[in-house]
Amino acid sequence: MLIEKHDLIHEFPEHKDRIHQLKISDNHFSRLFNEYHELDREVRKIEEGAENTSDEYLEELKKKRLKHKDDLYAIIIK
């Protein structure tokens, strides 16, 4: 099973420089960025079979990850 990459650089490669700038200059962005990547790591572990959990829990993690991605994108394009 091929697991898709969802890190922000793969999601928004055209904004790579802006993401880097925000990570070092905006504490709120940096915190959201770290939370997003932690959620992504958790989802990937479950999808790869390293952790077992309910489908509902996995879907909840994916929804949180998507919300973080939306919030991060809003900051990136601001």
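Points to keep in mind about this one:
- Simple rule: put +1 on each Lys or Arg Cβ and -1 on each Asp or Glu Cβ in the chain, find the dipole, and look at PRO13, LEU39, SER25; the Cα lying farthest toward the positive end is SER25.
- Estimated from helices alone, the mean residue ellipticity of the chain at 222 nm is -24000 deg cm²/dmol (sum of -39500 (n - 2.57) over DSSP H runs with n ≥ 4, per residue).
- Principal-axis tilt of helix 27-47 within the chain, Cα atoms, nearest 10 degrees: 20 degrees
- Using alpha-carbon coordinates, inclination of helix 55-77 to the longest axis of the chain, degrees: 10 degrees
- Values [x] 1.05; [y] 1.00; [z] 1.15 are given for comparison; Cα Rg over 2.2 N^0.38 Å, derived from the coordinates here, is the one labelled [z].
- Check: the range 19-77 dipole with +1 on Lys, Arg Cβ and -1 on Asp, Glu Cβ, in debye: 280 debye
- Remark: the ASN52-ILE77 segment gains 5.4 nm on full extension, using 0.36 nm per residue and subtracting the alpha carbon distance.
- Helix 16-25 axis versus longest C-alpha principal axis of the chain: approximately 80°, rounded to the nearest ten.
- The longest stretch of the chain left intact once loop-based GluC sites (Glu not before Pro) with at most 14 other Cβ atoms within 10 Å are removed from consideration, loops following DSSP, is 5-47.
No lab work stands behind these numbers, since they all come straight from the coordinates. Everything numeric here is computed off the predicted structure, so don't read it as measured data. Cβ atoms come from the backbone with ideal geometry, glycine included; neighbour counts cover every protein chain shown.
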